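> Okay, here's the structure, questions in a sec.
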Amino acid sequence: MSEPDLVPDSPVDRLKVDGGNVSSLAETSGEPAAAASYQAKKKGVFFWLAIIWLAIILICVLFANFLPVPEIDERVGDIRQGPSSENLLGTNNLGRSVLSQCIYGARRSMGVAMIATLGGTIMGGTIGLLAGFYRRTIDTVLTSIVNIMLAIPGLVLALALVGFFAPSGGFEDQRFLFFDVSPATNATLWTAIALAILATPAIARVARAQTLVWSDREFVLASRTIGTRNLRIIVRDVLPNVLPAMASFALIGIAALVVVEAALAFFGVGDVTGASWGIAINNGRADLEDYPHMVLFPSLFMFLTILSLNYLADKFVDLSDIREAGV
Amino acid sequence: MAGSGTAHLRGGGALTVEHLTVEFPVGTSGDKVHAVSDVSFDLMKGETLGVVGESGCGKSTTGKAIMRVPPPTSGSVRLGAIDLSTLGADQLRDVRGRLQMIFQDPISSLNPRRTIRDIVAEPLTVRWLDGFPRYPAAQAWDNFTPAMLKLWKNKWLVLLTKIGLGVLLGGVLLYVVASAVGEPDQFGRRDGGAGADLANQIIRGGGLLLAPAAIVGIIGSAIWLLLVFLMIPFKIARSVLVAMEKKEFAKEVDEKVFTALEEVGIPAQVSMTKYPHEFSGGQAQRISIARALVLDPEIIICDEPVSALDVSVQAQVLNLLEDLKASRDISLIFIAHDLAVVKNISDRVVVMYLGKVCEVGQPDLLYSKPRHPYTRALMSAIPVPDPLVDPRSAEEIDGELPSPIHPPSGCRFRTRCARATEICSTAEPEIAEVADGQFVACHHPLDEKDWHLSERSVPVTVSSDLDGLLHSTTPEAPGGVK
């Protein structure tokens, strides 16, 4: 609205001039549009809140043993007590501190979910990129494999994998690759691997769909005419464009995986002894109506963590200032 | 029209395309899209060759086939004396630097996630990386993969596998049937008896027939897996090697990219670190041109480079191409459907219809004295910037473009041609010289008495006063983009 003769009289006319852009109606103070777009790039308070929350979770994961909270298997009071000054978040059905459950639980929940998501993204991404880029036979073969994986109910597959590779109450000297591991760790690792396999097909489909779109772009054709090798085209031209969709999908997947990990423990496979958010939620589920704090606090931990991750992922895409051109 | 033949080739060109054919399979029915059929033309050094035709006539496919993305079904493309179809992958990579392409959509031809510097430097980077020795595992992969695929597609192996699967299925079926009709024993199990025994043998036989395919598959996969794991340490070693020399290379590239960007009129100093979305269509197209220039090509194929741009920006890009052509001695193949643009920029024009060449000649000749009915129709469709010319006076072609899956017999234009006769459906016209430097593929070429139709004359009913008044403000050249 810099040119005075273009400023219309009524707000309705103003809307018409702006092509129906309602946001410009609010900016009657005459602030240039360019300044507004730069303001959008400021990080904002939620960015820092998310960073702080994730830092807290990271501290929980790394230094749970050194924090001034009760041990996870320590009975701190009566069972199912609500929050009080002694037990900040109350006690659970065994009289243990819910706060401890949440803090120690971060370790396994986030560990398993992260490893699983990372593994699933790498496997699914590779399958999707190869299928979408090469098409034809490779696509047919890989897509059928993915479809077969999708056809098997996820929980059943995970139960079978973990139950087979890490039977509970197994022997002391279990091995993962070349490392001696305790049965509990072994079970946790296999849970993560099973969940990674579970996450693979969905991510593969997202990656394939995106790759089909992006590899038809003319810049891929341009790279081909230069004589670029296929691997370089995939890594340099296609992957960076496919990654955002894959990442946002995977981040949402973390939430689902935290719950599945709990469900596995509920069924008695994997490590059923330790603490995780999922197990804590499961423990409280039966008493949800009378003692909601047992479910509420672990859920809150999970919710805030996933929200922070998603928010940060979005924000990083914004801040990197890479957009699709609008032509 | 459907012109075959090579009468219009002059020989000794910078680029010679002979009998170029591109076909794409459609579904599994065995049908093919005949995108380009037997097209020949040549390009002299420093010349601009315009390729025109309506949408879907195979112009762009021709350009891409010359670049071998994808390679043509048959026909030869010779760059100087080198036949591109005879080159191996590595040699082709060397030659590609001499042949570059610019695409239609300027924004889509730049990767939104790379900086302008990286985009323009990419041809140099690819070339530089090729200079490093391929590590043995990758070489083994390159050699092994085609051999393995060939073995897999071996027709005996495929036949054996098919028979094996059939036998196996038959055996299983027989076993089921035999068991179903057998006598139940004391536990209720049914014994198939002799039938089941026979079925077992058949299943065993089927398994034996499948064994070769299984062995090939298992061993092949094992070798592939081994190669993949072997590649990792080699790749790391190579990356270290590349990283060590990267700094020096980057400095050299920066200079070249800077020069190329300045040459196309992009302020290099501020643009190097920007991303494509920060540029307008015209600027993006000039960045594409910079990318094509950075390897110092002899020939640039422009695939409708200005059709996505504003008219004012079109002139900018066209002038830039003209300047580059003069200063660098580049030959251009200019694919477009904007006839006015083609007329202005080209030294020679090829008119295409449904994958075939109709007419070849100097643009002025084609515009004033078209010999092919299709050319005349195209030329009369050029808008004339004169309010006194009735746009409805443009010659129309009836009907739709026929399906390229089942193109018409004989001359491909006959289904829409007013002059078509018996011979047009039976014999395909050969390209022949009808005037000096004008070649046409038509059984009934136009002659002088037909040309007046193509000249969009001013109606005589208008009074001379008004006529003069209007003409004094009318631009002189039709479609003046320059």
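Quick note: the coordinates plus some simple rules give every number you see, no bench work behind them. Here the structure is a predicted model, which is why all the values come from computation and not from measurement. Because the Cβ atoms are built from the backbone with ideal geometry, glycine has one as well, and the counts that use them run over all protein chains shown.
> Using modelled amide H (1.01 Å from N, peptide plane; none on Pro or chain starts), what sits under 5 Å from the amide H of B:THR73, excluding residues fewer than 5 places away?
B:THR21, B:VAL22, B:GLU23
> I would also like to ask the following. Using the Karplus curve 6.51 cos²θ - 1.76 cosθ + 1.60 with θ = phi - 60°, what ³J(HN,Hα) values do you get for each residue of segment B:299-310, in whole Hz, with x for Gly and Pro?
With coefficients 6.51, -1.76 and 1.60, one gets 10, 10, 9, 9, 8, 6, x, 10, 6, 9, 10, 4 Hz.
> Follow-up question, since we're still on this one. Rank-order B:42-52, A:239-249 by packing density, defined as the average count of other C-beta atoms within 10 Å over each peptide's residues, highest first.
The most tightly packed comes first, giving B:42-52, A:239-249.
> Ok, one more. I need the shape label for segment B:136-248. Rule: rounded when a/c is under 1.5, else prolate if a/b > b/c, else oblate, with a, b, c from the alpha carbon gyration tensor.
Because a/c hits 1.5 or more and a/b exceeds b/c, segment B:136-248 counts as prolate.
> Something else now. To test your reading of the geometry: what angle, between 0 and 90 degrees and rounded to tens, separates the Cα axis of helix B:136-152 from the longest principal axis of chain B?
Tilt of helix B:136-152: around 80 degrees.
> In sequence order, what are the phi-derived ³J(HN,Hα) couplings for segment B:22-30 according to the Karplus relation 6.51 cos²θ - 1.76 cosθ + 1.60 with θ = phi - 60°, rounded to whole Hz, with x for glycine and proline?
Each residue of segment B:22-30 in turn: 10, 10, 10, x, 10, x, 10, 6, x Hz.
> Which whole number gives the average count of other chain Cβ atoms within 10 Å of the Cβ atoms across peptide B:284-295? Display every interim value, and only then the final one.
Working: counts 2, 0, 0, 0, 3, 0, 0, 3, 3, 0, 1, 2.
Per residue, the average neighbour count from other chains is 1.
> Give, in nm to one decimal, the length gained when the segment between B:ARG419 and B:VAL177 is fully stretched (0.36 nm per residue of separation minus the Cα-Cα distance).
Numbers: separation 242, 0.36 × 242 = 87.12 nm, distance 6.89 nm.
Full extension of this stretch gives 80.2 nm more.
> Explain nothing, just compute: Karplus ³J(HN,Hα) = 6.51 cos²θ - 1.76 cosθ + 1.60, θ = phi - 60°, for every residue of segment B:100-116 in order, whole Hz, x for Gly and Pro.
Once rounded to whole Hz, the list reads 10, 9, 10, 9, 5, 8, x, 6, 5, 8, 10, 5, x, 9, 10, 6, 4.
> Under 10 Å from the Cβ of A:LEU212, count the other residues' Cβ atoms, weight Lys and Arg +1, Asp and Glu -1, and hand me the total. Provide the component values of the computation, followed by the final result.
Values: positive: A:ARG135, A:ARG208; negative: A:ASP139, A:ASP216.
Counting the neighbours of A:LEU212, the net charge comes to 0.
> Let me ask another. Angle between the Cα long axis of helix B:194-263 and the longest principal axis of chain B, 0 to 90 degrees, nearest 10?
Relative to chain B, helix B:194-263 is tipped by roughly 40 degrees.
> Can you bin chain B into rounded, prolate or oblate? Criterion: square roots of the alpha carbon gyration tensor eigenvalues sorted a ≥ b ≥ c, rounded for a/c under 1.5, prolate for a/b above b/c, oblate for the rest. List each step's numbers first, then the result.
Details: a/c = 2.73, a/b = 1.52, b/c = 1.79.
Since a/c reaches 1.5 but b/c is at least a/b, the shape of chain B is classed as oblate.
> Find which of A:VAL242, A:VAL76, A:THR305 sits farthest along the positive direction of the dipole of segment A:47-319, computed with +1 on the beta-carbon of Lys and Arg, -1 on that of Asp and Glu, about the Cα centre.
A:VAL242
> Another question about this same structure. What does the charge count around A:MET246 come to, taking other residues whose C-beta lies under 12 Å from its C-beta (Lys +1, Arg +1, Asp -1, Glu -1)? Kindly include the intermediate steps, with their values, before the conclusion.
Values: positive: A:ARG205, A:ARG208; negative: none.
Around A:MET246, the charge tally is +2.
> With only Lys, Arg, Asp and Glu charged, each at its Cβ (+1 for the first two, -1 for the last two), find how big the charge dipole of the protein assembly as shown is about the Cα centre; round to the nearest 20 debye. Each step should come with its number before you reach the end.
Details: 70 positive and 85 negative charges, 505 e Å.
That gives a dipole near 2420 debye.
> Name the residues whose placed amide hydrogens come within less than 5 Å of the amide hydrogen of B:ILE333, ignoring near sequence neighbours (fewer than 5 apart) on the same chain.
B:LEU49, B:ILE300, B:ILE301, B:CYS302
> Give the average, rounded to an integer, of partner chain Cβ atoms located within 10 angstrom of each Cβ in A:207-220. Spell out each step's value before the answer.
Details: counts 0, 0, 0, 0, 0, 0, 0, 2, 0, 1, 8, 13, 15, 4.
The per-residue average across the peptide is 3.
> Where nothing but the Cβ of Lys and Arg (+1) and of Asp and Glu (-1) is charged, how large is the charge dipole of segment A:47-319 around its Cα centre, in debye to the nearest 20?
Numbers: 17 positive and 19 negative charges, 252 e Å.
Using only the charged Cβ atoms, the result is roughly 1220 debye.
> Further question on the same structure: Suppose every K and R has +1 on its Cβ and every D and E has -1 on its Cβ; what is the size of the dipole of segment B:1-129 about the Cα centre, in Debye to the nearest 20? Provide the component values of the computation, followed by the final result.
Details: 14 positive and 13 negative charges, 94 e Å.
Roughly 440 debye for segment B:1-129.
> Which of the listed residues, B:SER76, B:PRO402, B:TYR175, is farthest toward the dipole's positive end in chain B, when Lys, Arg count +1 and Asp, Glu count -1 at the beta-carbon?
B:TYR175
> Using alpha carbons only, how many degrees (0 to 90, rounded to 10) separate the axis of helix B:281-293 from the longest principal axis of chain B?
70 degrees
> Can you give me the relative contact order of segment B:136-248 as a percent, contacts being Cα pairs under 8 Å and 6 or more apart?
On the way: 86 pairs, mean separation 35.2, N = 113.
Averaging sequence separation for qualifying contacts and normalising by length gives 31 percent for segment B:136-248.
> Now a separate question. Of the options B:ALA315, B:LEU20, B:ALA140, report the single residue whose Cα projects farthest towards the positive end of the charge dipole of the protein assembly as shown (beta-carbon charges: Lys, Arg +1; Asp, Glu -1).
Selected residue: B:ALA140.
> Would you tell me the mean number of C-beta atoms belonging to other protein chains that fall within 10 Å of each C-beta in B:60-69, as a whole number?
Values: counts 0, 0, 0, 1, 3, 0, 1, 6, 3, 6.
Mean partner shielding for this stretch: 2.
> Once you've got the Cα coordinates, tell me which of B:LYS256/B:LYS325; A:LYS315/B:LYS247; B:LYS251/B:LYS325; B:LYS235/B:LYS274; B:LYS343/B:LYS369; B:LYS64/B:LYS369 are over 21 Å apart. Could the numbers behind the result be given before it?
Details: B:LYS256/B:LYS325 19 Å; A:LYS315/B:LYS247 32 Å; B:LYS251/B:LYS325 28 Å; B:LYS235/B:LYS274 30 Å; B:LYS343/B:LYS369 14 Å; B:LYS64/B:LYS369 31 Å.
Result: A:LYS315/B:LYS247; B:LYS251/B:LYS325; B:LYS235/B:LYS274; B:LYS64/B:LYS369 exceed 21 Å.
> What does the net charge come to around A:VAL162 if you take all other residues with beta carbon closer than 15 Å to its beta carbon, with K and R at +1 and D and E at -1? Before the final figure, lay out each step's value.
On the way: positive: A:ARG108; negative: A:GLU261, A:ASP271.
Taking every other residue near A:VAL162 into account, the sum is -1.
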